[in-house]
Structures are given as structure tokens and as C-alpha cells.
Amino acid sequence: MEGKIYDRVVSILIDPRSNYSYVNPDLVDKCGLRKEVHAKSWLVQLAIGTKKRVYHWVRACALS
């Protein structure tokens with residue numbers, strides 16, 4: 001589906017079986033979202049099946 005983060009149009013994949021949301025780090029930088037270092041990294045499986053180790057997180061983000 002389509003949505004907006006700070007007036008920037010983005011494509012959103014919704015997975016009802018997912019425990020967390022993953023946002024591409026490039027999009028986080030482009031939107032100027034504040035990322036924080038997480039105390040412990042974790043492995044995220046992306047929609048394309050590959051896995052990525054995540055070290056940062058965004059505490060809150062307005063999405064419309």
C-alpha cells in the first residue's frame with residue numbers, strides 16, 4: 001500500500017504475521033528519522049527472504 005512519512009510518499013508492505021516493522025535504512029536517512037542504537041542486535045527476515053542484522057531502531061514515526 002502507499003503511505004507518507006513526513007510528506008514523503010512511501011510503499012508499505014504489511015505482514016500481519018510480523019512482530020516488528022522494518023524500514024530500509026536509506027529511507028530512515030532520507031526522511032530524517034531519529035535512529036537509536038539498540039542494546040542488542042537482532043536478525044530480521046526481509047520480505048524477499050534474505051536476513052539482515054539490525055543494530056538501530058526508530059522509537060516512533062508518524063505514518064499516514
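Evaluate the following for Val28: is it on the phi < 0 side of the Ramachandran plot, surrounded by 10 or more Cβ atoms within 10 Å (Cβ to Cβ) and hydrophobic (A, V, I, L, M, F, W, C)?
It is true that Val28 is on the phi < 0 side of the Ramachandran plot, surrounded by 10 or more Cβ atoms within 10 Å (Cβ to Cβ) and hydrophobic (A, V, I, L, M, F, W, C).
Where the second residue is open to solvent by 90 Å² or more (accessible area, probe 1.4 Å) and the first is farther than 15 Å from Asn24 by Cα and lies in segment 35-58, which pairs have Cβ atoms under 7 Å and are six or more apart or on separate chains?
Within 7 Å, the pairs are Val37/Tyr55; His38/Tyr55; Ser41/Arg53; Ser41/Tyr55.
This table checks each residue for (1) among the charged types (D, E, K, R); (2) touching a Phe, Trp or Tyr at 6+ places or on another chain (Cβ under 7 Å).
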residue: Met1; (1), (2): no, no
residue: Ser11; (1), (2): no, no
residue: Tyr20; (1), (2): no, no
residue: Pro25; (1), (2): no, no
residue: Lys35; (1), (2): yes, yes
residue: Lys40; (1), (2): yes, no
residue: Val44; (1), (2): no, yes
residue: Thr50; (1), (2): no, no
residue: Cys61; (1), (2): no, no
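Check His38, His56 and return the single one that is in contact with a helix residue (DSSP H, G or I) (Cβ under 9 Å, 6 or more places away or on another chain) and either closer than 13 Å to Ile5 by Cα or surrounded by 10 or more Cβ atoms within 10 Å (Cβ to Cβ) (or both). Let's see the steps before the verdict.
On the way: His38 fails: in contact with a helix residue (DSSP H, G or I) (Cβ under 9 Å, 6 or more places away or on another chain).
Going through His38, His56 in turn, just one is in contact with a helix residue (DSSP H, G or I) (Cβ under 9 Å, 6 or more places away or on another chain) and either closer than 13 Å to Ile5 by Cα or surrounded by 10 or more Cβ atoms within 10 Å (Cβ to Cβ) (or both): His56.
Out of Ile5, Ile14, Ile48, report the one residue that is within 13 Å of the chain's Cα centre (by Cα), exposed (fewer than 10 other Cβ atoms within 10 Å of the Cβ) and of a type in the set (Val, Ile, Thr).
Details: Ile5 fails: exposed (fewer than 10 other Cβ atoms within 10 Å of the Cβ); Ile48 fails: within 13 Å of the chain's Cα centre (by Cα).
Matching residue, one of Ile5, Ile14, Ile48: Ile14.
List, please: which pairs have Cβ atoms under 9 Å, are six or more places apart or on different chains, and start with a residue in segment 6-28 that is farther than 19 Å from Trp42 by Cα and without any contact (Cβ under 8 Å) to a residue 40 or more places away in the chain and end with one that is open to solvent by 100 Å² or more (accessible area, probe 1.4 Å) and part of a helix (DSSP H, G or I)?
If the second residue must be open to solvent by 100 Å² or more (accessible area, probe 1.4 Å) and part of a helix (DSSP H, G or I), the pairs left are Arg8/Lys30.
Can you tell me which residues in segment 1-27 are out of contact with any Asp or Glu (no Cβ under 7 Å at 6 or more places or on another chain) and part of a strand (DSSP E or B)?
Glu2, Gly3, Lys4, Ile5, Arg8, Val10 - these are the residues of segment 1-27 that are out of contact with any Asp or Glu (no Cβ under 7 Å at 6 or more places or on another chain) and part of a strand (DSSP E or B).
The values are calculated or read from the model by the stated rules, or taken from the named source; none is laboratory data. Just so it is clear, the model here is predicted, and its values are computed rather than measured. Quick reminder, even Gly has a Cβ in these numbers, built from the backbone with ideal geometry, and neighbours come from all protein chains shown. Ligands, DNA and RNA are excluded from the accessible area calculation, which covers all protein heavy atoms including side chains. Shrake-Rupley method; radii C 1.70, N 1.55, O 1.52, S 1.80 Å.
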